[in-house]
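Have a look at the structure below before the remarks.
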Amino acid sequence: MSGEDSQLSAGQRREALKEVYAQAQACERCAELAATRKTVVFGAGNADADLMFVGEAPGASEDEQGLPFVGAAGKLLEKLLGEIGLMRADVFIANTLKCRPPGNRDPQPIEIENCREYLYRQVELIQPRVICTLGNFATKLLRDDPTGITRLHGQPEVREVGRRAVRLYPIFHPAAALYTPRMLQTLREDFQRLPELLALPAPEQSQSLEIPEFDEEPSQSAGASAAGNASVDGAAASTGASRTSAGGEAAADAAAEADQLGLF
Ligand code: URA
C-alpha cells in the first residue's frame with residue numbers, strides 16, 4: 001500500500017475496498033471459521049458512507065446469504081434507520097468477525113484479532129464520520145478497552161480506528177433489544193441522536209500516523225497467500241481485472257463478484 005487514503009477519490013477508495021473484499025473471501029486466518037463458514041460476510045452498503053455500523057459476527061442467515069444483519073436483528077436495525085430517515089443503502093454495515101462462529105458462539109479473542117485488520121481497512125477506505133458500535137464486542141474492540149456497553153451506550157467520543165479519527169458511538173446490539181422493551185426504548189433514544197452526530201464537523205485527522213502494510217501477515221494456506229498477494233494500492237486497483245498474477249486473478253474474480261452482489 002502506498003499513499004494516504006484520504007487523498008484517494010471516492011471511486012478509488014471503492015475499488016480498493018473491493019480488493020480488500022477479495023482478500024477477505026480467501027481468508028484462512030482462523031482455521032475453524034474458514035472450515036465451517038458458508039460465506040465470508042464482508043459487509044455491505046455505501047462504500048462512501050458517513051455512518052458505519054459494526055456488529056458482532058454473522059449468524060446463520062448472514063452466513064447463508066453473505067450479507068450482514070439480514071435476520072431479525074437486521075430488520076430492527078432497518079426499522080430504526082427508517083425512523084431517522086435513513087436506509088441500509090445510505091450506511092455501511094460490517095461486523096467484528098467476517099465469518100460465522102459455529103453454533104453462534106462468542107467470537108474468540110484470537111479471531112477478533114485476526115479479523116481486525118479487515119475492519120480497520122474498511123474504516124480507512126470508507127472514511128465514515130460516525131461509527132456506531134453495536135454491543136460489547138465491537139465497542140470493546142474499537143475502543144481498545146474492556147468497558148462494557150451498559151456503561152458506555154449513548155456516549156459519543158472521538159477515537160482513532162486504524163488510521164482514521166472517527167466519532168465512535170456505542171449503542172446496544174439490536175438483538176439484545178428484540179425481546180426487552182426497555183432496552184429497545186434505550187436503543188431507540190440513542191439512535192435518535194445519530195442525525196445530530198452526523199451533522200457535527202468531521203473529526204480532525206492526525207497527520208502523524210504511520211501507514212501500515214495490509215499484507216504483511218503470514219499466510220497459512222495457498223488461498224490466504226493468493227489473497228495476500230493482491231495489492232490494495234489504490235492507484236493499482238482502478239480495475240481488479242487488470243491484475244496479472246495468479247493471486248491477482250483470484251482477487252479480480254472476487255472483486256467482480258462483489259459488484260455482481262451489489263455490495264457497494
Ligand atoms: N448480529 C450481528 O452482530 N451481526 C450480524 O451480521 C447479524 C446479527
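Please work out if ILE131 is at pLDDT 95 or above and surrounded by 20 or more Cβ atoms within 10 Å (Cβ to Cβ). I'd like the intermediate steps shown before the answer.
On the way: at pLDDT 95 or above: yes; surrounded by 20 or more Cβ atoms within 10 Å (Cβ to Cβ): yes.
When the stated conditions are applied, ILE131 passes them.
Among residues of segment 34-49 being over 23 Å from GLU124 (Cβ atoms) and among the hydrophobic types (A, V, I, L, M, F, W, C), the one that is nearest to the ligand (Cβ to nearest atom) is ALA34. Would you be able to say whether some residue in segment 93-114 is farther than 19 Å from GLU189 by Cβ, of a type in the set (Val, Ile, Thr) and away from the ligand (no atom under 11 Å from the Cβ)? Yes - at least one qualifying residue is present in segment 93-114. Candidates are the residues of segment 127-165 that are under 14 Å from the mean Cα position of the chain (by Cα) and of a type in the set (Val, Ile, Thr); the one that is nearest to PHE69 (Cα to Cα) is THR133.
Condition check ((1) crowded, with 22+ Cβ neighbours inside 10 Å; (2) near the ligand (Cβ under 9 Å from one of its atoms)) across all residues:
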residue: LEU51; (1), (2): yes, no
residue: GLU62; (1), (2): yes, yes
residue: GLY66; (1), (2): no, no
residue: PHE69; (1), (2): yes, yes
residue: LEU81; (1), (2): no, no
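Beta carbons closer than 8 Å, at least 6 apart along the sequence or on distinct chains, pair a first residue in segment 36-48 that is closer than 16 Å to GLU111 by Cβ and in contact (Cβ under 8 Å) with a residue 12 or more places away in the chain with a second that is away from the ligand (no atom under 14 Å from the Cβ) and assigned to a loop (DSSP other than H, G, I, E, B) for VAL40/CYS27.
The values are calculated or read from the model by the stated rules, or taken from the named source; none is laboratory data. Everything numeric here is computed off the predicted structure, so don't read it as measured data. Neighbour counts run over all protein chains shown; Cβ positions are idealised from the backbone, glycine included.
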